[in-house]
Structures are given as structure tokens and as C-alpha cells.
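This report refers to the structure that appears directly beneath it.
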Amino acid sequence: MQMTNHPSPTQNLAALGYTLPPAPAPGGNYVSTKQVGSIVYLSGVISSGPEGVINGTAGLDRSIEDGYAAARACVLTQLAVLMRQLGSLDRVAEVLTVNGYVNAAPGFADSPAVINGASDLLVQVFGEAGRHVRAAVGVNALPRNALVEVQMTVRVREP
């Protein structure tokens, strides 16, 4: 095992005061993850917290700040899915892609500011390995009226 002075992703999460939620089961005829070689593709997850789905429409009844927090919640769920798949977040070599969808009112132009909640948390957890390419798209509806949905792709290390 390689010794390092850098904190692990799990240590970073704890230092930020986060605990991972339970990883959700797929809501349909699909799988949560699909691994091809060292690449893990994650299905989209909607924003949820202890009280259930974080819903609403950005630019109508929800603010950029609400969306930012919802995007962070999506990443916590994705990290829980990765933990279930990989056994440890330390196996994540880098985050490759983030696709963020914001339930947005017509003309809402701040989807990137909302999805920054996901991107910022990934960099806080993984450091430079958390930097990724991304899309931040406003849409007119998401499942269960969720405020945000995030889909990711990561590259992993061998166990």
C-alpha cells in the first residue's frame, strides 16, 4: 500500500461533515452502474435527502442556492452508489464526466451555477482527481419533480 500525506476521499467527506446516504435501488429496468474495464458509468440519480425527494423548479419556487444544495445531495448519492460498487471511494482514480439536469423555469439561465454544487463537492472530496468535463442543462421536468439529476462517469484503480 502506498503511503501518502493526502487525506482519503472518505476522510475528506468526514472532514466536510457529510455521511453517505443509503445507495438507492434502480427505479426501473436498468442498473445503477456498469463497469467496462476501468470505467464505471453511473445512472442518473435525483436529488434527495433525509426527508425524501428535493423537488421544485429553479427560477420558480427554488433558488440557485436550493439547486446547488440539491446537486450536492445528488453527488452524495452517487458516492454511496460507488461505495456499494467498489467497496471504497479510494478506488476512484478520477471523475471523468458529470451531466447535470436542472428542473428549470423557462428562461432560467443559471443551470451551471446549480450544477456547481456537484462539481465543487467532487473537487473537495477527490482533489484534482475530482475535476471533470460536464454538461449543465435546464429541463422542463425531472422524475418525481426532482430539482436536480446528476449522472457521472469515473475511472477506477484495480483493487
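Structure summary
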quantity: Cross-chain or 6+ apart pairs with Cβ under 7 Å, the range 5-22 first and under 12 Å from Gly49 (Cα atoms), then β-branched (Val, Ile, Thr) and open to solvent by less than 60 Å² (accessible area, probe 1.4 Å); calculated: Pro21/Thr77
quantity: Failed criterion for Ser43 (all others in (1) open to solvent by less than 40 Å² (accessible area, probe 1.4 Å); (2) among the hydroxyl-bearing types (Ser, Thr, Tyr); (3) outside any strand (DSSP E or B) hold); calculated: (3)
quantity: Positions within the range 127-149 being of a type in the set (Lys, Arg) and either open to solvent by less than 80 Å² (accessible area, probe 1.4 Å) or under 22 Å from Pro9 (Cβ atoms) (or both), in sequence order; calculated: Arg131, Arg134
quantity: Number of positions in the range 51-75 that are closer than 16 Å to Gln124 by Cα and free of Cβ contacts under 8 Å to residues at least 60 places away in the same chain; calculated: 3
quantity: Tabulated pairs, the range 137-155, first within 15 Å of Gly49 (Cα to Cα), second of a type in the set (D, E, K, R) and open to solvent by 40 Å² or more (accessible area, probe 1.4 Å), C-beta under 7 angstrom, 6+ apart or interchain; calculated: Leu147/Arg62; Leu147/Asp66
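The values are calculated or read from the model by the stated rules, or taken from the named source; none is laboratory data. Just so we're clear, the structure is a prediction, and the values are computed from it rather than from any experiment. Cβ atoms come from the backbone with ideal geometry, glycine included; neighbour counts cover every protein chain shown. All accessible areas refer to the heavy atoms of the entire protein, side chains included, with ligands and DNA or RNA removed. Shrake-Rupley method; radii C 1.70, N 1.55, O 1.52, S 1.80 Å.
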